[in-house]
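The values are calculated or read from the model by the stated rules, or taken from the named source; none is laboratory data. Quantities reported herein were computed from a predicted structural model and do not represent experimental measurements. Cβ: placed from backbone, ideal geometry, glycine included. Neighbour counts: every protein chain shown. For accessibility, only protein heavy atoms count, side chains too; no ligands or nucleic acids. Shrake-Rupley method; radii C 1.70, N 1.55, O 1.52, S 1.80 Å.
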Amino acid sequence: MSIPVVDFSVYQLGKENVSEADLKMLSEELRKAFTENWPSEEVDDFRDTKVSFFHRCKELALKVLRLMAIGLGLDSEVFVNEHKRIGSFENGTTLRSLYYPPVDSTRVKENQVRCGEHSDYGSITLLFQSTEDGLQVQNRAREFVSAPCIPGTVLVNIADLMQRWTSDVYVSVVHRVLLPPAGVSKTRQSLVFFAQPEDESIIKCCDGSNKYPSIKTVDYFTSRFNDTYGKKTNLV
Ligand SMILES: O=C(O)CCC(=O)C(=O)O
Ligand SMILES: [Fe+2]
């Protein structure tokens, strides 16, 4: 069996009016790619390795979330309690494997990047990156600085829902991935664990301030995805 490839370019995503039929077809393609088509025949233990890596990421994420609560002087379990169902259908946490192919610098467009500037939506993101440079994070002065791979470490990004949860004390980090310098055609591989609270968790400011109204995780994500894909929703 070959590794499943989903060709997103045929679906015109990112534009308004994505047809219901296209969305249905894409979600079916993705469901198959991610559930039925594990490339077990060509890569030994691929599925087992990925699943056990997912569980180790969950353990690490819970530890980090515990430390983040302690750091704020809160009950150590306040964030962990809303992430216990990671790995079940009641929680949308995902592990994404990103392979950036080699770059032919003669065909690069102006301002082209590997991954455009953005912040992640959930609570925290664990990022495991290969040794090729490219990742940059924005500091408080809004300058992009490199965040190279440091062997033996895991990069932790704070994401948007955590910023909201902590009334802007933990600030979500804007980041991007640049292309390699002209003439260098390196690939890049990263594994990204996007932790998020349970779908039904109600996220309200943990300092009791009501700086942002309470919101259910699933409603927050729906609203963010709608904004990204062109349907505007009003999120306070
Ligand atoms: O590939 C990377 O290192 C970063 C990817 C990323 O930021 C994302 O997928 O949200
Ligand atoms: Fe990201």
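At a glance:
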read-out	value
For residue 139: the one exception among (1) open to solvent by 20 Å² or more (accessible area, probe 1.4 Å); (2) in contact (Cβ under 8 Å) with a residue 24 or more places away in the chain	(2)
Test for residue 145: is it within 11 Å of ligand 2 (Cβ to nearest atom), assigned to a strand (DSSP E or B), more than 19 Å from residue 64 (Cα to Cα) and not small (Gly, Ala, Ser)	no
Failed criterion for residue 131 (all others in (1) hydroxyl-bearing (Ser, Thr, Tyr); (2) more than 16 Å from ligand 2 (Cβ to nearest atom); (3) closer than 25 Å to residue 228 by Cα hold)	(3)
Residue match in segment 161-168 (condition: under 27 Å from residue 50 (Cα atoms) and within 17 Å of the chain's Cα centre (by Cα))	yes
Pairs where the first residue, in segment 38-62, is among the polar types (S, T, N, Q) and the second is at pLDDT below 90 and surrounded by 12 or more Cβ atoms within 10 Å (Cβ to Cβ), C-beta under 7 Å, 6+ apart	40/46
Subset of segment 114-125 that is within 11 Å of ligand 2 (Cβ to nearest atom) and either of a type in the set (Phe, Trp, Tyr) or assigned to a strand (DSSP E or B) (or both) - its residue that is most open to solvent (accessible area, probe 1.4 Å)	117
For residue 102: the one exception among (1) within 12 Å of ligand 1 (Cβ to nearest atom); (2) in contact with a Ser or Thr (Cβ under 8 Å, 6 or more places away or on another chain)	(1)
Filter pass, residue 185 being open to solvent by less than 20 Å² (accessible area, probe 1.4 Å), more than 16 Å from ligand 1 (Cβ to nearest atom) and at pLDDT below 95	no
Lone qualifier among 145, 177 - being under 14 Å from the mean Cα position of the chain (by Cα), within 15 Å of ligand 1 (Cβ to nearest atom), more than 25 Å from residue 55 (Cα to Cα) and aliphatic (A, V, I, L, M)	177
Every residue from segment 157-210 that is assigned to a strand (DSSP E or B) and touching a His at 6+ places or on another chain (Cβ under 8 Å)	157, 175, 176, 195, 198
Selected residue (only one of 212, 220, 170 is of a type in the set (Ser, Thr, Tyr), open to solvent by 50 Å² or more (accessible area, probe 1.4 Å) and more than 16 Å from ligand 1 (Cβ to nearest atom))	212
Scope segment 191-218; condition out of contact with any Ser or Thr (no Cβ under 6 Å at 6 or more places or on another chain), among the charged types (D, E, K, R) and touching a residue at least 40 places away in the same chain (Cβ under 8 Å); matching residues	198, 200
